[in-house]
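Please read the structure below before turning to the comments.
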Amino acid sequence: MTPAKLRVVLATGNPHKLREVTEVLASPWLEVVPLGDFAGAGMPREGVKSLRDNALAKARAARDFTGMTSIGDDTGLEVDILGGAPGVSSSRYAGENASYDDNVRKLLGVLQSISRHERSARFTCWIALAFPDGREKLFRGHCAGHITFVPRGTNGFGYDPIFVPDGRKSTFGQLSPALKNRLSHRGRALRSLKLYLRKTYREMYARQDSNLRPADSKSDALSS
Ligand code: IMP
C-alpha cells in the first residue's frame with residue numbers, strides 16, 4: 001500500500017493557535033499547513049454574529065482561496081455574571097485594536113467587586129471544516145472554570161493568565177502547553193475533529209483518492 005497524507009489548511013494568523021492545533025492534530029497521516037504559507041492569502045474579518053459563523057467564514061475563505069480542505073476556528077470567553085460577555089467579542093472587548101493585556105485588564109476591572117463564587121466562566125471553541133466539494137462539518141469544545149483576581153503565568157495567550165479550569169488551582173497561563181491542550185476547549189474540539197479527519201482519511205485511502213499527497217515516511221501512515 002502507498003502511504004499518503006491528508007493535507008488540510010489552517011485559517012489562522014495566530015502563532016499560539018497554530019502551535020496548539022498542530023500539537024493536537026500531529027499524526028503521520030495528516031499535514032497541517034497554515035494559510036499564511038500561501039502567498040496573497042488574507043483572513044476574513046471576524047463578524048459579531050456568532051463564533052460558529054466566524055469559524056465557518058474562516059474555513060470557507062481558506063478553502064475558496066486554496067482549493068484545499070480547510071479548518072477555521074473561533075473562540076469566546078463567556079462570563080456568567082456578565083450574561084456571556086465578552087463572548088463573540090472576546091478579541092475586541094477593550095476596543096477594536098485591543099491587545100491581550102488590554103482585554104484582560106478590562107475584564108478584571110469589570111469583575112473587581114465580584115466575589116470568587118460569582119466568577120464562573122467558560123471558553124467555547126467552534127471549529128469548522130470545509131471540503132473542496134462543498135461539504136462542511138462543525139465541532140465544538142467547552143472548558144468551564146473561573147476568572148482570577150490577578151493574572152498568573154506567562155504561558156498561552158489571550159485570557160489564559162486569568163482563567164482557572166475546573167478541578168485545577170493553576171491558570172491556563174501557568175499550565176504546560178500539553179496540559180492546557182488536554183483540558184481546553186480547543187483541545188476538546190480538535191480531538192473530535194481529528195477522529196473525523198481520520199475516518200475521512202481512511203475512506204479516501206481505501207479508494208486511493210488522488211487528493212491524498214504522498215507521505216515522506218516509508219512507514220504505513222495508517223498504523224498510528
Ligand atoms: P479568536 O477569535 O478565536 O482568536 O479568539 C478571540 C479571543 O479570545 C482572542 O483574542 C483571545 O483573547 C481569546 N482566546 C481565544 N482562544 C483562547 C485561549 O485558548 N485561551 C485564552 N484566550 C483565548
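The values are calculated or read from the model by the stated rules, or taken from the named source; none is laboratory data. Just so it is clear, the model here is predicted, and its values are computed rather than measured. For neighbour counting, all protein chains shown are included, and Cβ atoms are generated from backbone atoms with ideal geometry for every residue, glycine included.
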**Study point:** Test: residue 25 is touching a Leu at 6+ places or on another chain (Cβ under 9 Å), crowded, with 16+ Cβ neighbours inside 10 Å, modelled with pLDDT of 95 or more and within 26 Å of residue 156 (Cα to Cα)
**Key:** yes
Review point. Mind checking whether some residue in the stretch 44-52 is at pLDDT 90 or above and of a type in the set (A, V, I, L, M)?
Key: yes
Practice item. Report, by residue number, each residue of the stretch 122-144 that is buried (at least 21 other Cβ atoms within 10 Å of the Cβ) and closer than 17 Å to residue 90 by Cα. Key: 123, 124, 125, 126, 127, 141, 143
Practice item. Determine, yes or no, whether residue 187 is within 17 Å of the chain's Cα centre (by Cα) and modelled with pLDDT of 95 or more. Key: yes
Review point. List, please: which pairs have Cβ atoms under 6 Å, are six or more places apart or on different chains, and start with a residue in the stretch 168-183 that is within 10 Å of residue 153 (Cα to Cα) and end with one that is of a type in the set (A, V, I, L, M, F, W, C)?
Key: 171/163; 171/164; 172/163
**Study point:** Residues satisfying the stated conditions in the stretch 25-50, i.e. in a helix (DSSP H, G or I) and in contact with a Gly (Cβ under 9 Å, 6 or more places away or on another chain)
**Key:** 35, 36
Check your understanding: Is it the case that some residue within the stretch 117-125 is within 16 Å of the ligand (Cβ to nearest atom), basic (Lys, Arg) and closer than 22 Å to residue 182 by Cα?
Key -> yes
Check your understanding: Which residue pairs have Cβ atoms under 9 Å apart, sit 6 or more places apart or on different chains, and have a first residue in the stretch 184-212 that is part of a loop (DSSP other than H, G, I, E, B) and a second that is within 16 Å of the ligand (Cβ to nearest atom) and among the charged types (D, E, K, R)?
Key -> 184/20
